[in-house]
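A short worksheet on the structure shown next.
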There are 2 protein chains.
Amino acid sequence: MSITIAIDCMGGDHGPVVTVPATLAFLSTHPDVEAILVGREEELAPLLEDAQAGLKSRLRVHNATQVVGMDEPPASVRSKKDSSMRVALHLVKHGQAQAAVSAGNTGALVMISRFALKTFPGIDRPAICFALPTIKGHTYALDLGGNVDCTPEHLFQFGVMGSVLASALDHIERPTVGLLNVGTEEIKGNELTKRTAKLLRESNLNYHGYVEGDDIFTGTVDVVVCDGFAGNVALKTSEGLVKMLGTFLREEVRRGPFSMLMGLIALPVLRRFKHRADPGRYNGAVLLGLCGGVVLKSHGSADAYAFEQALARAADAVANDLIRRIRDRMEAMMGANGESV
Amino acid sequence: MSITIAIDCMGGDHGPVVTVPATLAFLSTHPDVEAILVGREEELAPLLEDAQAGLKSRLRVHNATQVVGMDEPPASVRSKKDSSMRVALHLVKHGQAQAAVSAGNTGALVMISRFALKTFPGIDRPAICFALPTIKGHTYALDLGGNVDCTPEHLFQFGVMGSVLASALDHIERPTVGLLNVGTEEIKGNELTKRTAKLLRESNLNYHGYVEGDDIFTGTVDVVVCDGFAGNVALKTSEGLVKMLGTFLREEVRRGPFSMLMGLIALPVLRRFKHRADPGRYNGAVLLGLCGGVVLKSHGSADAYAFEQALARAADAVANDLIRRIRDRMEAMMGANGESV
């Protein structure tokens, strides 16, 4: 089966100069994938001129005249019917692609995809979900920035979706779900965490209880639930920390000729370490909860390597039949009316 | 001048078995400091038996019969008049010590210290503040978990306090203040960030605008303001990440005999890196805003090395006359009625 991905080439901090080369690099290593490059034809065409004929046969440009700005409020985005983001999502809606990838405005992506691709019954909003690396393997964390203001019901639904995802992808029968808080004790937290904890406790989910920030990387639970504000802070703080530690490590290695020699000798070890810790590797978060197709959100500041990772995740999700597997699990977990059973 | 620190020896996940050895180790390297060990005499005395006479002359045990539990709601703490935490803070209140250090219940520490030591005019609540390392130096981040529910006015006051601290300690005339958010664009955030941004913009602070999680470690601003929920998530997530990366690095070094040899050769470099990245080094956050004395909050799970760092920070703060310097700056910044001018 051939996989087709619709790419919002105009989104992100860098736009086509990153998304187009990333797509070409990706296609060259994924012969089973076809790409629809969505955006302003006059901007995309020059970037494709030098592409190999073999790649050109697996891609086409779909013209879209408008661009959603990174700082545009979601409300004003509605009137942009011909934005590259909306057009890419509608290509999925109409079955011309199975997945869409965008590095654009997160709020707009969540809103448009929710309208175009609909959410599963019982799910109000798609959540941005990512499998973060842990000491033991990985933890699905959601929401990571799609939903800044959440009700307890939203957080509960994130728990359901995360649990379903862990079941579907990792074949865990009853994934453990933790609620992110400032402490693990019952008394800790705010109104939102307390009311969400009650919903999770009374559900049929395998609720572990409160977890703290460090539990994300310890791998205490399979799924970490949080609102988009806290989740985004956790994610971006982690990215900043990895960058800082990388700088520290380089500084230590370059401290003098002897340190440089030692660093040089240990280069293969340091390189493997760098590879494992590289935030670019972990780019591409799924918009979980959409039933009409796969949508991947790339980091806005992604470089070509990072954007390529997001494309790879989209192709993986389609190849693994992610939406069907989530639907099957979701139906088993939710009643016909969308209520959790 | 001799410095006296009152230590809540019962607080934290481990209690006296960590706090007492940490105090002894600390005193042995700080001949100008005296310690009052507050807690259950019968638990503390056995741990002091083997201490050198030279150290014993600089410490005394102050009996306190009650302990504030780590999971006790602040309200129920009020009735515990003889808790080690409250007694330690009251030793500061009554001038018997200039600083108190506790690894105990954060909410209780904030509440009791606020009542015992009062806040500066115009400041409603003390905030937990820490100088986090950055690529360029350090950033003062607050609140890191003392105030989970904040109003825009609270966050604004955190900005004032952080700015004053950066001025007082780092001699920066107009420290830059950033507000933690999920994006730097004007439209990003929730009601709290939007209303706080307005207050900060209209103030006489050197307001930079919104910052994101990664800006904390990039050192984009001198002061990062956030509510205690987001701040605590950022701090603990960072701790977890450092631990995970440490594990990764060890795994890479131990991957085989050749890697081990390379790691061994690079050991001095890796050790210096480990030292710089060690979360234990960064233990001890100041309760900023208190006018009656220095209070340091240690991580609840601190080991003896980490607790010792918190003691060192308390001694530094007293030696540097922190409270007077903050008061001077605060008075210059706030009007007589405590309103920001």
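Quick note: the coordinates plus some simple rules give every number you see, no bench work behind them. These figures come from a predicted structure and were not determined experimentally. Ideal geometry is used to build each Cβ from the backbone, glycine not excepted, and the neighbour counts take in all protein chains shown.
Working from Cα pairs under 8 Å separated by at least six residues, relative contact order for chain A is 22 percent. The smallest convex shape that holds all Cα atoms of region A:254-305, its convex hull, gives 111 Å³ per residue. Per-residue Karplus couplings for region A:243-254, computed as 6.51 cos²θ - 1.76 cosθ + 1.60 with θ equal to phi - 60°, are listed in order as 4, 5, 5, x, 4, 4, 4, 4, 4, 5, 5, 8 Hz, Gly and Pro entered as x. Of the beta bridges in the protein assembly as shown, as assigned by DSSP with both residues counted there, near 30 percent are antiparallel.
Inter-chain neighbour count for B:250-262: the average number of beta-carbon atoms from partner chains within 10 Å of each residue's beta-carbon is 3. Across the identical copies, the label point of B:ASP278 (7 Å from Cα in the Cβ direction) is separated from its matches by 3.1 nm, in order from shortest. Counting from the shortest, the label point at B:SER28, 7 Å from Cα toward Cβ, is 6.1 nm from the same position in each remaining copy.
For B:ILE172, nonlocal amide neighbours, meaning residues 5 or more places apart or on other chains whose placed amide H falls under 5 Å from its own, are B:SER167.
Going down the table (B:LYS243/B:LYS297; A:LYS274/B:LYS243; A:LYS243/B:LYS243; A:LYS198/A:LYS236; A:LYS243/B:LYS194; B:LYS194/B:LYS236), which pairs top 19 Å between alpha carbons? From B:LYS243/B:LYS297; A:LYS274/B:LYS243; A:LYS243/B:LYS243; A:LYS198/A:LYS236; A:LYS243/B:LYS194; B:LYS194/B:LYS236, over 19 Å: B:LYS243/B:LYS297; A:LYS198/A:LYS236; A:LYS243/B:LYS194; B:LYS194/B:LYS236.
The phi-based Karplus calculation (6.51 cos²θ - 1.76 cosθ + 1.60; θ = phi - 60°) puts the 3J(HN,Hα) values of region A:229-236 at 6, 4, x, 5, 4, 4, 5, 6 Hz, whole numbers, x for Gly and Pro. Comparing mean-square fluctuations of A:LEU200, A:LEU44, A:LEU261 from a GNM of chain A with C-alpha springs under 10 Å, the top value falls on A:LEU261. Straight-line cross-link reach from A:LYS188 at under 13 Å between alpha-carbon atoms covers these aspartates and glutamates, not counting any fewer than eight positions away in the same chain: A:GLU212, B:ASP71, B:GLU72, B:ASP149. Per residue, the convex hull spanned by the Cα atoms of region B:128-279 measures out at 112 cubic angstrom. For region B:241-341, applying the loop criterion from DSSP together with a ceiling of 14 other beta carbons within 10 Å to the GluC sites (Glu not before Pro) yields B:GLU339.
Of the residues B:THR176, B:THR220, B:THR151, the one that moves most in a GNM of chain B with alpha-carbon contacts below 10 Å is B:THR151. Checking every one of the GluC sites (Glu not before Pro) in region B:154-199 against DSSP loop status and a limit of 14 other Cβ atoms within 10 Å picks out B:GLU173, B:GLU186.
Of all residues in chain B, the one whose Cβ lies closest to the rotation axis carrying B onto A, together with that distance in whole Å, is B:ALA266, 2. Stretching the chain fully between B:ASP278 and B:ASP71 yields a gain of 71.8 nm (0.36 nm per residue, less the alpha carbon separation). Over the protein assembly as shown, with a single point scatterer placed on each C-alpha, what log10 of the ratio I(q)/I(0) does the Debye formula yield at q = 0.08, 0.09 1/Å? Those come out to -0.65, -0.82, one per q.
The alpha carbon convex hull volume per residue for region A:1-58 rounds to 73 Å³.
One Cα centroid belongs to region B:80-112, the other to region A:70-122; the line between them spans 54 Å.
Each other copy holds its own label point for B:SER57; taking that point as 7 Å from Cα along Cα to Cβ, the gaps run 9.1 nm, nearest first. In chain B, the DSSP beta bridges split such that about 30 percent are antiparallel, to the nearest 5.
Of all DSSP beta bridges confined to region A:128-279, the antiparallel ones make up roughly 30%. The listed peptides B:55-62, A:51-58, ordered by packing as a protection proxy, come out as B:55-62, A:51-58 (highest mean of other Cβ atoms within 10 Å first).
Phi angles of region A:324-333 translate, via the Karplus equation with coefficients 6.51, -1.76, 1.60 and θ = phi - 60°, into HN-Hα couplings of 5, 5, 5, 4, 4, 5, 5, 5, 5, 8 Hz per residue; Gly and Pro are given as x.
Taking the inverse of the mean reciprocal distance over all distinct Cα pairs, the Kirkwood hydrodynamic radius of region B:220-341 comes to 17.7 Å.
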